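Single-structure report; data block below.
Laboratory data are not the source of any read-out in this text; all were calculated from the coordinates shown. Here the structure is a predicted model, which is why all the values come from computation and not from measurement. Using ideal geometry, Cβ is built from the backbone for each residue, glycine included, and neighbour counts are taken over all protein chains shown.
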Number of protein chains: 2
Amino acid sequence: MTTESDITTLADQLSELLDGHAVDAAVEMIASIHPADQADLYDNLDPEKREGLLALLSADGLAQLLQHLDEDQRQEIIQRMPRASLARVLDRMDNDEAADVLQQLPPAEAARVLANMTTAAQVTPLLEHEEESAGGIMTRGYVALHKDMTVQQAVTYLRLRKPFTEEASYLYVLDSTNHLEGVVNLRDLVVADPDTTIDEIMVRDIISVEPGTDREEAARILQRYRLRALPVVDSEGVLQGIITADDIIDVLSEEATEDMYRMAGVGVQEWVFSPLRESVMRRIPWLSFNMLWAFAGAAVITLFEGTLEKVAALAIFMPMIAGQAGNAGIQTATIVVRSMALGEVSVGDLLRVLSKEWALGAIKGTIFGTALGIIAWLWKDNPTLGFVAGLSLFCNMLVAATAGVLIPMTLRRLGFDPATIAGVFDTMLTDLMGFLIYLGLATIFITQLQG
Amino acid sequence: MTTESDITTLADQLSELLDGHAVDAAVEMIASIHPADQADLYDNLDPEKREGLLALLSADGLAQLLQHLDEDQRQEIIQRMPRASLARVLDRMDNDEAADVLQQLPPAEAARVLANMTTAAQVTPLLEHEEESAGGIMTRGYVALHKDMTVQQAVTYLRLRKPFTEEASYLYVLDSTNHLEGVVNLRDLVVADPDTTIDEIMVRDIISVEPGTDREEAARILQRYRLRALPVVDSEGVLQGIITADDIIDVLSEEATEDMYRMAGVGVQEWVFSPLRESVMRRIPWLSFNMLWAFAGAAVITLFEGTLEKVAALAIFMPMIAGQAGNAGIQTATIVVRSMALGEVSVGDLLRVLSKEWALGAIKGTIFGTALGIIAWLWKDNPTLGFVAGLSLFCNMLVAATAGVLIPMTLRRLGFDPATIAGVFDTMLTDLMGFLIYLGLATIFITQLQG
């Protein structure tokens, strides 16, 4: 485990070794560092030193490093690699990661690389699945047993086969046509009497997903049943691959980031140090959309320009009526979006959720509407202004509650991600409706307001 | 694996069995259901049927069910349980979960229950750690080996000890005073020659955390190094417990929920079907705070009431200047908060982040400021109004960029969670500054505006 300042020190040391052509010392140093830290080290090196680091790595070492680098840097390295070396390196990567790399190459090139790979048979089937599906994150690396083996035979087989650690948490019992019959926990294999058969210790009630299952759904299942891997089985019961807990951890964290960014209208692929140009391209479209709506709001206000000319004080409470309801709506939308993501609520619960949020909206509306009404009345010495402002806030709180539930649920029903601009959409609607209700009521009561 | 409609069917079947006093059939049925699904089933039963279900469970079964129920329901069941049965059930739970239950009892009562527990020695040390720390989520259930054992001896020991599955991914090599000397992967134990010693196959370069480490930091380390468990070691190198991947998955998903809710000013403990009263209590405080700020905004507008009386059209673009910048600020704040949560950026990167966001803010400000300026000019046939509105939006975009970076980073520096109302704080500031800049500029150019 290495801290940020350690990494800087290591980067300096490695740069010195490379400058002094101390190749052996540099190789030894790199070998002592965890690939996750090597990735940070790579990040901290000058471009020409990066080349030096890559040149020192074996195919195995390079495969490990690539698995820990972020996608942009990985692509950049892969672009420049000779195609023959690339095949050798991909053979040494987890095959789900190798498939990800191949999917980002031009198809003709990917085919050429695949032709040189010894793991082509495992990787090829992974290429047909969507990135966001269970098939897209599964690996073909699993250990298959037969139910008639004894525990001793299975252990002997494992000693010969030497599976990777991630592959070994569960062992899969297949029949002669690869149908999944049972699962053996590695712990159970170790603890069992050597003479018992696999048949006796395997679990038959298997929790699995299909290749087309959404990866978020797969993550929820693994989390719910506290598993360390999940078999992916096609509709005929044939084992296609497995999804391991470390991949699920990445999925959960990516999906949470996506939801937060979507709520705020930020590009899903952005991070804090994305190049400026990329950040501009990702944020502008949504802000433009927002601007169009804001003009709709402006048009509503224009309708009532005559009213505003007569009672300029109306402008004072306009942003508050829109904003307070907008924030209440974001509270509702956030809870609905996150609860749907966690699988705690579905579109079928619409009426139950809506009636709760209406009740809540009515309570919030009564409290804040009354407060605003009294304060506006006393501040501007105008009881009608207080009445109009307070009633508008109450009504707009109900608009916010409705929109906060309906917008994400409608997006889900239409097949979109419910987080897609749900928060923002809500704000736009409460702005528009807030202006309309408030200035509309003011126009009705204009005589009393001026009194 | 069971779907939502399966659960409803199962609940109906179980209700019937309980009504008919078919105890054996009911016991058999429950035994065939995964505890995660039993928890859903419990949720779907009428209150009196729930009692029936609980009565049918063994101490083991009840321990499993309690581990899968949500906290409210767990507390409710525990309140009503005789203290002697509670000790028996807690003995059968993971000891980190048992510690969580005990921590929620009144201290005197917890001590009485502990006195009756056979696992008191494992659970007691867990009680002193904060819930949000590594110590608060670790379990004492781990398998300890000695380095002089052979692989064969270790396997024999495992057969006698029969550890839980979660405990068995890694085995920990301790010296006679419990100092952690190495870690053995279960897979490596199985694959190794039976006559080699543990010393030869153990990993000495151990990735660990201290009991006081924040649980979010522990989660990041486990994710970064793709581990399935993480040892918790005190400052003297003595093993205190382990954190397993399934607990980390829960932490990641809870922390992501917390950040989303905090950004929106929603209570961290709320979910979509929280009781109405609880939801009211959780949402009102923050909305009240927001209302106070909105009055500050109203006070700013009041300062310029004279200007608004002269040019009522000014009110039209007021919400847009505040809102468009507010949304840009939320984009920035969301990216900064999430990047800090994922450990991709720290307070030390302040200047680098700030300069990027300023550049971005200037670009957004130029694009949208120019667009607003031209549209306002043509729409209201007033070039000065266009100039004032456009320039105000440009300036407010810079305010938004500054606030979007500074607010979460300052909160982190002060020791608060950076997500705490970061998004909302930003909106408040852009509202206030937007009104001030826009109406201030309008007052300066009032003669030309009226022209």
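Take the alpha carbon gyration tensor of region A:1-68, find the square roots of its eigenvalues, order them as a ≥ b ≥ c, and report rounded if a/c is under 1.5; if not, report prolate when a/b exceeds b/c, else oblate. Note, shape of region A:1-68 comes out rounded. Remark on A:E181: its backbone amide H falls under 5 Å from those of A:V173, A:L174, A:D175, a criterion applied only to residues 5 or more positions apart or on other chains, H modelled at 1.01 Å from N. In summary, the aspartates and glutamates within cross-link reach of B:K356, defined as a Cα separation below 16 angstrom excluding same-chain residues under 8 places away, comprise A:E270, A:E278, B:E344.
Among the listed pairs A:K310/B:K380; A:K380/B:K310; A:K380/B:K380, a Cα-Cα separation exceeding 20 Å is found for A:K380/B:K380. Principal-axis analysis of the Cα atoms of chain B puts helix B:151-161 at an angle of about 90° to the longest axis.
Do you know the relative contact order of region A:276-450, to the nearest whole percent, from alpha carbon pairs under 8 angstrom that are 6+ apart? Working shown, then result.
Values: 217 pairs, mean separation 60.4, N = 175.
For region A:276-450, the relative contact order is 35 percent.
Extent of region B:78-236 along its three principal axes (Cα atoms, max minus min coordinate, largest first): 53, 34, 26 Å. Residue-wise HN-Hα couplings along region A:340-352, as the Karplus relation 6.51 cos²θ - 1.76 cosθ + 1.60 with θ = phi - 60° gives them from phi, are 5, 4, 7, x, 8, 8, 10, 4, x, 8, 3, 5, 5 Hz; Gly and Pro carry x. Compared with the dominant Cα axis of chain A, that is its longest principal axis, helix A:215-224 is turned about 80°. As a calculated quantity, the FRET efficiency between A:D234 and B:E51 at R0 = 45 Å, using C-beta atoms, amounts to about 0.55. Label-to-label distances for B:E51 across copies, nearest first, come out at 8.0 nm, using points 7 Å from Cα in the beta-carbon direction. A full extension of the chain between A:D175 and A:Q73 corresponds to an added length of 32.5 nm, given 0.36 nm per residue minus the alpha carbon distance. Measuring between alpha carbons in the structure, every pair from A:K162/B:K147; A:K147/B:K162; A:K162/B:K162 lies within 31 angstrom.
Normalised by residue number, the volume inside the convex hull of the Cα atoms of region A:308-451 is 93 Å³ per residue.
Rg and Dmax, both from the Cα atoms of chain A and both in Å, are 30.0, 98. Considering Cα pairs under 8 angstrom that are at least six residues apart, work out the relative contact order of chain A and quote it in whole percent. Here the relative contact order equals 11 percent. Computed with the Debye formula from one identical point scatterer per Cα of region A:244-382, without solvent, the log10 of I(q)/I(0) at q = 0.12, 0.18, 0.19 Å⁻¹ comes to -0.80, -1.19, -1.22. Here region B:361-443 has an Rg and Dmax of 15.1, 51 Å, counting Cα atoms alone. Can you compute log10 of I(q)/I(0) for the protein assembly as shown with the Debye formula, treating each Cα as one identical point scatterer, at q = 0.06, 0.07, 0.09 Å⁻¹? Each listed q maps to, in turn, -0.49, -0.66, -1.04.
Within region B:198-246, the GluC sites (Glu not before Pro) that combine a DSSP coil assignment with at most 11 other C-beta atoms in a 10 angstrom radius are B:E236. When you restrict to C-alpha pairs under 8 Å that are six or more residues apart and normalise by the size of region B:144-261, the relative contact order lands at 23 percent. Per-residue 3J(HN,Hα) values for region A:433-448, derived from phi via the Karplus relation 6.51 cos²θ - 1.76 cosθ + 1.60 with θ = phi - 60°, read 5, x, 4, 5, 5, 5, 6, x, 4, 4, 5, 5, 9, 4, 4, 5 Hz in sequence order (x marks Gly and Pro).
Within the shell defined by Cβ-Cβ distances under 10 Å, the residues around B:G326 carry a net charge of -2, with Lys and Arg each +1 and Asp and Glu each -1.
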